[in-house]
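Trainee: Below you will find the structure I want to go over with you.
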Amino acid sequence: MYIVSLFFKRLFDIILSLLGLIVSLPIWIFVSIAIKIDSNGPILFKQKRRTKNGKIFNILKFRTMITNAEKMGTGLFNFKDDPRVTKVGKFLRNTSLDEVPQLLNIFLGQMSFVGPRPCVENELGDFDTLNKIYKKRFEVKAGLTGLAQVKGRNDITWDKKVIFDNEYVDKFKKYGVLYDFKIMFCTILKVFKKENIYENKVDNSVDDETAAKLEEERIIKLAHQKD
């Protein structure tokens, strides 16, 4: 039954991503022009992420920040009013249009429409030494959206994201693609409401850079605690 579910999940990904790439062609054109006019740098943002079994791939997004933003300020963390986000980038994030290029990742089989959001290559520390709780989310392909995004998107902590991601793994094995359809429907509603786009600081008593560093250390510690 699980193998059948995986077959239909991949078939669904191929068909819908191909249709999405064709329909979104005007978006690619207009967004590309807007990005080049708004700021210097490439149109697409590429970043090494992890998918099923920890395999690394290059995720694609429309660039929403200034060039080399990851090496500045809060690094991987993106709090509200982040000065690294460009004017066009803010619009793209608010509408989730920055995620459109991931249709290509899905078509190539690197991602799925539904699954745990792919973490940055070393965001959780060494993959091989992750505890069972954090490693479970890698039993399925990373997704464009997932249960954690429906429940809170960027507004919840990593430990809560992992709980929802693991819940998705279990429910997909039980209900298959029907559960994916439910999550995609809820995602559409979430996008229209423009909720939880930016991350929240765990400690508001410190500046953004310090908060990002502390949260990064906390996440890696949690991911490697003994089961």
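Trainee: Give the residues of region 204-224 that are more than 18 Å from Ile156 (Cβ to Cβ), touching a helix residue (DSSP H, G or I) at 6+ places or on another chain (Cβ under 9 Å) and modelled with pLDDT of 75 or more, sorted by residue number.
Mentor: Answer for region 204-224, where residues must be more than 18 Å from Ile156 (Cβ to Cβ), touching a helix residue (DSSP H, G or I) at 6+ places or on another chain (Cβ under 9 Å) and modelled with pLDDT of 75 or more: just His224.
Trainee: For region 75-94, what are the residues that are modelled with pLDDT of 90 or more, in a helix (DSSP H, G or I) and of a type outside the set (D, E, K, R)?
Mentor: Selection gives Val88, Gly89, Phe91, Leu92.
Trainee: Which members of region 38-69 meet the condition of being of a type in the set (A, V, I, L, M) and without any contact (Cβ under 8 Å) to a residue 24 or more places away in the chain? Break it down into steps so the answer makes sense when it comes.
Mentor: Taking region 38-69 and keeping what is of a type in the set (A, V, I, L, M), we get 43-44, 56, 59-60, 65-66, 69.
Selection gives Ile43, Ala69.
Trainee: Being more than 25 Å from Gly109 (Cβ to Cβ) and aromatic (Phe, Trp, Tyr) narrows it down to one of Phe57, Phe30, so name that one. Reasoning before the result, please.
Mentor: Details: Phe57 fails: more than 25 Å from Gly109 (Cβ to Cβ).
Result: Phe30 is the single residue among Phe57, Phe30 that is more than 25 Å from Gly109 (Cβ to Cβ) and aromatic (Phe, Trp, Tyr).
Trainee: Here's something else I'd like to know. Cβ-Cβ under 9 Å, sequence separation 6+ or interchain: first residue in region 1-19 and farther than 9 Å from Phe107 by Cα, partner assigned to a loop (DSSP other than H, G, I, E, B) and modelled with pLDDT under 95. Which pairs?
Mentor: Short answer, once both residue conditions are applied: Met1/Gly176; Tyr2/Gly176; Val4/Gly176; Ser5/Gly176; Leu6/Gly176; Phe8/Gly176; Lys9/Gly176.
Trainee: Between a first residue in region 80-100 that is in contact (Cβ under 8 Å) with a residue 60 or more places away in the chain and a second residue that is surrounded by 18 or more Cβ atoms within 10 Å (Cβ to Cβ) and in a loop (DSSP other than H, G, I, E, B), which pairs have beta carbons less than 8 Å apart while being 6 or more apart in sequence or on different chains?
Mentor: Going by the 8 Å Cβ cut-off, the qualifying pairs are Asp82/Thr74; Leu92/Thr64; Arg93/Thr64.
Trainee: Could you go through region 106-116 and let me know if any residue there is of a type in the set (S, T, N, Q), at pLDDT below 95 and surrounded by fewer than 22 Cβ atoms within 10 Å (Cβ to Cβ).
Mentor: Restricting attention to region 106-116, the residues satisfying the condition of being of a type in the set (S, T, N, Q) are 110, 112.
If we keep only those that are at pLDDT below 95 too, we end up with none.
No; the residues of region 106-116 include none that is of a type in the set (S, T, N, Q), at pLDDT below 95 and surrounded by fewer than 22 Cβ atoms within 10 Å (Cβ to Cβ).
Trainee: Same structure, new question: Would you confirm, using the coordinates I've provided, whether Leu178 is over 12 Å from the mean Cα position of the chain (by Cα), surrounded by fewer than 16 Cβ atoms within 10 Å (Cβ to Cβ) and modelled with pLDDT of 95 or more?
Mentor: Details: over 12 Å from the mean Cα position of the chain (by Cα): yes; surrounded by fewer than 16 Cβ atoms within 10 Å (Cβ to Cβ): yes; modelled with pLDDT of 95 or more: no.
When the stated conditions are applied, Leu178 does not pass them.
Trainee: If you don't mind, another one. Could you check, for region 18-28, whether at least one of its residues is within 18 Å of Val114 (Cα to Cα), assigned to a helix (DSSP H, G or I), hydrophobic (A, V, I, L, M, F, W, C) and in contact with a helix residue (DSSP H, G or I) (Cβ under 8 Å, 6 or more places away or on another chain)? If you could, list the steps in order and put the result at the bottom.
Mentor: Of the residues in region 18-28, the ones within 18 Å of Val114 (Cα to Cα) are 18-21.
Still in the list and also assigned to a helix (DSSP H, G or I): 18-21.
Next cut, hydrophobic (A, V, I, L, M, F, W, C) only: 18-19, 21.
The next check asks that each one be in contact with a helix residue (DSSP H, G or I) (Cβ under 8 Å, 6 or more places away or on another chain); those that pass are 18, 21.
Checking region 18-28: at least one residue is within 18 Å of Val114 (Cα to Cα), assigned to a helix (DSSP H, G or I), hydrophobic (A, V, I, L, M, F, W, C) and in contact with a helix residue (DSSP H, G or I) (Cβ under 8 Å, 6 or more places away or on another chain).
Trainee: Take region 46-74 and flag every residue that is in contact with a helix residue (DSSP H, G or I) (Cβ under 9 Å, 6 or more places away or on another chain), modelled with pLDDT under 95 and crowded, with 18+ Cβ neighbours inside 10 Å.
Mentor: Listed by number, the residues that qualify are Thr64, Met65, Thr74.
Trainee: Based on what the data block shows, is Phe127 at pLDDT 90 or above and surrounded by fewer than 20 Cβ atoms within 10 Å (Cβ to Cβ)? Even if it seems obvious, please write down each step before you answer.
Mentor: Numbers: at pLDDT 90 or above: yes; surrounded by fewer than 20 Cβ atoms within 10 Å (Cβ to Cβ): yes.
Yes, satisfied.
Trainee: Still on this structure, I have one more. Could you list, ordered by first residue, the pairs with Cβ atoms under 9 Å in which the first is in region 213-227 and at negative phi and loosely packed, with under 14 Cβ neighbours inside 10 Å and the second is of a type outside the set (A, V, I, L, M) and not in a helix (DSSP H, G or I), at least 6 apart or interchain?
Mentor: Between residues of region 213-227 that are at negative phi and loosely packed, with under 14 Cβ neighbours inside 10 Å and residues that are of a type outside the set (A, V, I, L, M) and not in a helix (DSSP H, G or I), the close pairs are Lys221/Gly125; Gln225/Asn131; Lys226/Asn131; Asp227/Asn131.
Trainee: Restricting region 46-74 to residues that are of a type in the set (Val, Ile, Thr) and in a loop (DSSP other than H, G, I, E, B), which is farthest from Leu103 (Cα to Cα)? So that I can check it myself, show each step before the final result.
Mentor: Step one: list which residues in region 46-74 are of a type in the set (Val, Ile, Thr), which gives 51, 56, 59, 64, 66-67, 74.
From what's left, in a loop (DSSP other than H, G, I, E, B): 51, 64, 66-67, 74.
Details: Thr51: 15, Thr64: 17, Ile66: 23, Thr67: 23, Thr74: 28 Å.
Of everything passing the filter in region 46-74, Thr74 is farthest from Leu103 (Cα to Cα).
Trainee: Quick check on this structure: which one of Lys135, Lys90 is within 28 Å of Glu217 (Cα to Cα) and surrounded by 18 or more Cβ atoms within 10 Å (Cβ to Cβ)?
Mentor: On inspection, the qualifying residue turns out to be Lys135.
The values are calculated or read from the model by the stated rules, or taken from the named source; none is laboratory data. Predicted model, so just to flag it, every value in this text is computed and none were measured. When we count neighbours, we look across all protein chains shown, and the Cβ atoms used for this are built from the backbone with ideal geometry, even at glycine.
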